[in-house]
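Engineer: One structure, pasted below without further comment.
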């Protein structure tokens, strides 16, 4: 295995918002190819309870974009002028609110079941059975020249989205991923804190 290739993929898969190509169609089969790779990810007890809803219909995309905006658009826009990294993040996120209805496809990862009121262990197992597959999907997109961004604002109005899309009440939505080709491919590793500052050994707070 060429680790330089996998390392590049892992360190340059970014949350893409401003550089989503809103004009170039995404072939449905390409999304399915990425999902075929994604479902090789592990799931608790090998239950494979993940479900994927792909939305390309213009009217449904517009309705989802409205739900997304109503759930948090004003908050993002009000913070878009802040300085520093957080300001840039909010500005990028506010831009996505304005163009979300134009992305070629939206993918909503779901998992069978609900965990309201569950223990932390149960919730961790539940979400741990879908999140690895979602990240694998995003990596697969990146490797094929497409971008995405993990968004969750619409979950503030999850039921409205469920009603719009016919999602059953015993199914949990976990995210909404805009999917498009990217404009350019020069993504770079992001700034992160040194690993030694955020890693402990044997006991919380103990560094090697």
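Engineer: What are the residue pairs meeting all of these: first residue in the stretch 156-176, first residue touching a residue at least 40 places away in the same chain (Cβ under 8 Å), second residue part of a loop (DSSP other than H, G, I, E, B) and surrounded by 16 or more Cβ atoms within 10 Å (Cβ to Cβ), Cβ atoms under 8 Å, and 6 or more apart or on different chains?
Structural biologist: Between residues of the stretch 156-176 that are touching a residue at least 40 places away in the same chain (Cβ under 8 Å) and residues that are part of a loop (DSSP other than H, G, I, E, B) and surrounded by 16 or more Cβ atoms within 10 Å (Cβ to Cβ), the close pairs are 161/167; 173/167; 174/130.
Engineer: Right, here's the next one. For the stretch 146-166, enumerate the residues that are more than 22 Å from residue 14 (Cα to Cα) and either in a helix (DSSP H, G or I) or in contact with a helix residue (DSSP H, G or I) (Cβ under 7 Å, 6 or more places away or on another chain) (or both). Break it down stepwise before answering.
Structural biologist: Step one: filter the stretch 146-166 for residues more than 22 Å from residue 14 (Cα to Cα), giving 156-166.
If the condition is that a residue be more than 22 Å from residue 14 (Cα to Cα) and either in a helix (DSSP H, G or I) or in contact with a helix residue (DSSP H, G or I) (Cβ under 7 Å, 6 or more places away or on another chain) (or both), then 156, 157, 158, 159, 160, 161, 162, 163, 164, 165 are the ones that fit.
Engineer: Pick from the stretch 32-56 the residues that are touching a residue at least 24 places away in the same chain (Cβ under 8 Å) and in a loop (DSSP other than H, G, I, E, B): which of them is farthest from residue 184 (Cα to Cα)?
Structural biologist: Among those residues, the one meeting the criterion is 47.
Engineer: Turning to a different aspect of this structure: Quick one: would you say residue 89 is in a loop (DSSP other than H, G, I, E, B) and on the phi < 0 side of the Ramachandran plot?
Structural biologist: Numbers: in a loop (DSSP other than H, G, I, E, B): no; on the phi < 0 side of the Ramachandran plot: yes.
No, not satisfied.
Engineer: Another question about this same structure. Against the conditions (1) assigned to a helix (DSSP H, G or I); (2) within 17 Å of residue 63 (Cα to Cα); (3) in contact with a strand residue (DSSP E or B) (Cβ under 6 Å, 6 or more places away or on another chain), where does residue 179 fall short? Just the number, please.
Structural biologist: Exception for residue 179: condition (1).
Engineer: Taking the stretch 57-86 on its own, how many of its residues are surrounded by fewer than 16 Cβ atoms within 10 Å (Cβ to Cβ) and out of contact with any helix residue (DSSP H, G or I) (no Cβ under 7 Å at 6 or more places or on another chain)?
Structural biologist: The number of residues fulfilling the criteria is 10.
Engineer: Pick out the one residue from 70, 116, 29, 98 that is more than 16 Å from the chain's Cα centre (by Cα), touching a residue at least 12 places away in the same chain (Cβ under 8 Å) and over 15 Å from residue 177 (Cβ atoms).
Structural biologist: Details: 116 fails: touching a residue at least 12 places away in the same chain (Cβ under 8 Å); 29 fails: touching a residue at least 12 places away in the same chain (Cβ under 8 Å); 98 fails: touching a residue at least 12 places away in the same chain (Cβ under 8 Å).
From the options 70, 116, 29, 98, the qualifying one is 70.
Engineer: May I ask you to list the residues in the stretch 166-189 that are under 19 Å from the mean Cα position of the chain (by Cα), surrounded by fewer than 17 Cβ atoms within 10 Å (Cβ to Cβ) and over 21 Å from residue 143 (Cα atoms)?
Structural biologist: If the condition is that a residue be under 19 Å from the mean Cα position of the chain (by Cα), surrounded by fewer than 17 Cβ atoms within 10 Å (Cβ to Cβ) and over 21 Å from residue 143 (Cα atoms), then 171 is the only one that fits.
Engineer: Please go through (1) closer than 19 Å to residue 23 by Cβ; (2) assigned to a helix (DSSP H, G or I); (3) within 17 Å of the chain's Cα centre (by Cα) for residue 132 and return the number of the only condition it doesn't satisfy.
Structural biologist: Only one criterion is unmet by residue 132, namely (1).
Engineer: Output the number of residues of the stretch 155-165 satisfying the condition of being closer than 21 Å to residue 129 by Cα and surrounded by 21 or more Cβ atoms within 10 Å (Cβ to Cβ).
Structural biologist: We begin by selecting, within the stretch 155-165, every residue closer than 21 Å to residue 129 by Cα; these are 155, 158, 162.
This time we only want the ones that are surrounded by 21 or more Cβ atoms within 10 Å (Cβ to Cβ), so: none.
Qualifying residue count for the region: 0.
Quick note: the coordinates plus some simple rules give every number you see, no bench work behind them. The structure displayed is predicted, hence computed values, not measured ones. Glycine gets a Cβ as well: all are built from the backbone with ideal geometry, and neighbour counts include every protein chain shown.
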